[in-house]
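First up is the structure itself, then whatever we jot down about it.
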Amino acid sequence: MIGLVMAGGKGTRMGLSEEKLLLKYKKPVIFHVIDALNNSGCFSKIMVATSSNSPNTVQVLEQKGIETLGTPGKGYSSDLNFLLQNMDEHTFVVSGDLPLLDEEIIQVMVEKFSIENVWTSFLTSKKFLNSLGLESELVTTYDNIECAYSGISIIDAKKIKKFNSIKENYVILNDKRIAFNLNTKRDYELLSSS
């Protein structure tokens, strides 16, 4: 399985001059994600998807010897689709803005994943998210529960090429390590105070 960190966004909702993934929570946020993937022992390879939207992030990653994949920078879904067309194995896709992500929760997600599924997205219930003081614009209803996307999916990239519409499977996992992502300045302030 490949670990793929999505790190090509503009981070405009943060309203900061510094690139979002280089914000520090002990170390730059993106390195929490990369280190968690590495320490999980679940991946044969780890790569980071970047774009011209985040040139400083690209520079820092390349200085550390981390493999980057350039994308058009047209948005999360578009860039992910672009990358999946060139992959042919199971891919653990994770947003680069999850500062609490660790190797144990990654191992739990990999264990909960069923290899028969083409696309599995991990969700947190909106109620759980709100209990942490967080909000999300990306919501869906699953098993009559209003849920938010965590930004983490496991995808069989080989099967994506063969289907026009993909059945998305869901796993609800109410854990702050996958619920807490940095989308706004308020999220960063909550993180800093926790």
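The values are calculated or read from the model by the stated rules, or taken from the named source; none is laboratory data. In this text the structure is predicted, and so the values were computed from the model without any measurement. Please note: Cβ atoms are built from the backbone with ideal geometry, for glycine as well, and neighbour counts cover all protein chains shown.
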For the range 102-123, how many residues are in contact with a Phe, Trp or Tyr (Cβ under 9 Å, 6 or more places away or on another chain) and touching a residue at least 60 places away in the same chain (Cβ under 8 Å)? 4
Between L101, L129, which is part of a loop (DSSP other than H, G, I, E, B) and either in contact with a helix residue (DSSP H, G or I) (Cβ under 8 Å, 6 or more places away or on another chain) or within 30 Å of V60 (Cβ to Cβ) (or both)? L101
Enumeration of residues in the range 76-98 that are free of Cβ contacts under 8 Å to residues at least 60 places away in the same chain and not in a helix (DSSP H, G or I): N86
For the condition within 15 Å of the chain's Cα centre (by Cα) and of a type outside the set (S, T, Y), what is the one hit in N86, N53, N38, N117? N38
Counting only residues in the range 35-53 that are surrounded by fewer than 20 Cβ atoms within 10 Å (Cβ to Cβ) and small (G, A, S), the one modelled with the lowest pLDDT is identified as S52
Please work out which residue is nearest to M1 (Cα to Cα), limiting yourself to the range 138-157 and to residues that are outside any strand (DSSP E or B) and touching a residue at least 12 places away in the same chain (Cβ under 8 Å). A157
Residue check, L98 against (1) modelled with pLDDT of 90 or more; (2) exposed (fewer than 13 other Cβ atoms within 10 Å of the Cβ), all met but one. Which one? (2)
Condition set of a type in the set (A, V, I, L, M) and at pLDDT 95 or above, scope the range 118-145, selection surrounded by the fewest Cβ atoms within 10 Å (Cβ to Cβ): answer is I145
For K27, only one of the following conditions fails: (1) under 24 Å from V118 (Cβ atoms); (2) exposed (fewer than 14 other Cβ atoms within 10 Å of the Cβ); (3) of a type in the set (D, E, K, R). What is its number? (1)
Single residue of the range 3-24 satisfying the filter (in a helix (DSSP H, G or I) and buried (at least 16 other Cβ atoms within 10 Å of the Cβ)) that is modelled with the highest pLDDT: L22
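Let's see how each residue does on (1) part of a loop (DSSP other than H, G, I, E, B); (2) at pLDDT below 95; (3) more than 25 Å from D175 (Cβ to Cβ):
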{"position": "T57", "(1), (2), (3)": "no, yes, yes"}
{"position": "E62", "(1), (2), (3)": "no, yes, yes"}
{"position": "G73", "(1), (2), (3)": "yes, yes, yes"}
{"position": "V110", "(1), (2), (3)": "no, no, no"}
